[in-house]
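Comments concern the structure below.
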Amino acid sequence: MNILVIEDNEQNLYLVRFLLEACGHRISEARDGAEGIAAARVAVPDLILLDIQLPQMDGYAVARVLREIPALGAVPVVAVTSYAMNGDRVKALAAGCDAYIEKPIDPDTFAAEVEAAAAAGRREQKGHT
Ligand code: MN
């Protein structure tokens, strides 16, 4: 699938690209929220991986903007953050993210977690008619 990765850390970006490309996915990159939002509008991806700690707009703000874009209504947004202990999972879901992957990224499970999130689809669409 086509995956947009919004991540400001070059090492994380490299690792994510490496792990997902190894599974046959196509990666596009954005290094801040504004760039990511623009990229998602231009070429709607199948899934968005969203770092929460970003310069300027944080990932929560980015998620809220992404969720306002009708063309992205079916696109899962997966938060990636190391702030697992601070209620950030709840904040990420409240901001419109559909799933959550914790840093540090585990190379053995990361691609499978992303694929599971894609298969699960949009959280908010479930149970609604
Ligand atoms: Mn970051």
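The values are calculated or read from the model by the stated rules, or taken from the named source; none is laboratory data. It should be emphasised that the depicted structure is a prediction, and the values quoted were computed from it without experimental measurement. Cβ sites come from the backbone with ideal geometry, for glycine too, and all protein chains shown count toward neighbours. Please note that ligands, DNA and RNA were not included when accessible areas were found on the heavy atoms of the full protein model with its side chains. Shrake-Rupley method; radii C 1.70, N 1.55, O 1.52, S 1.80 Å.
Summary of values
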quantity: List L4, L19, ordered by accessible area with a 1.4 Å probe, largest first; calculated: L19, L4
quantity: Extension gain from A38 to T109, taking 0.36 nm per residue of separation minus the Cα-Cα distance; calculated: 22.6 nm
quantity: GNM top mover of V42, V80, V65 - the chain, alpha-carbon springs below 10 Å; calculated: V42
quantity: The chain - accessible surface per residue (Å², probe 1.4 Å); calculated: 51 Å²
quantity: Kirkwood Rh and Cα Rg combined as Rg/Rh, segment 2-128; calculated: 0.92
quantity: Dipole axis of the chain (+1 Lys, Arg; -1 Asp, Glu on Cβ), positive-most option in N12, G59, A120; calculated: A120
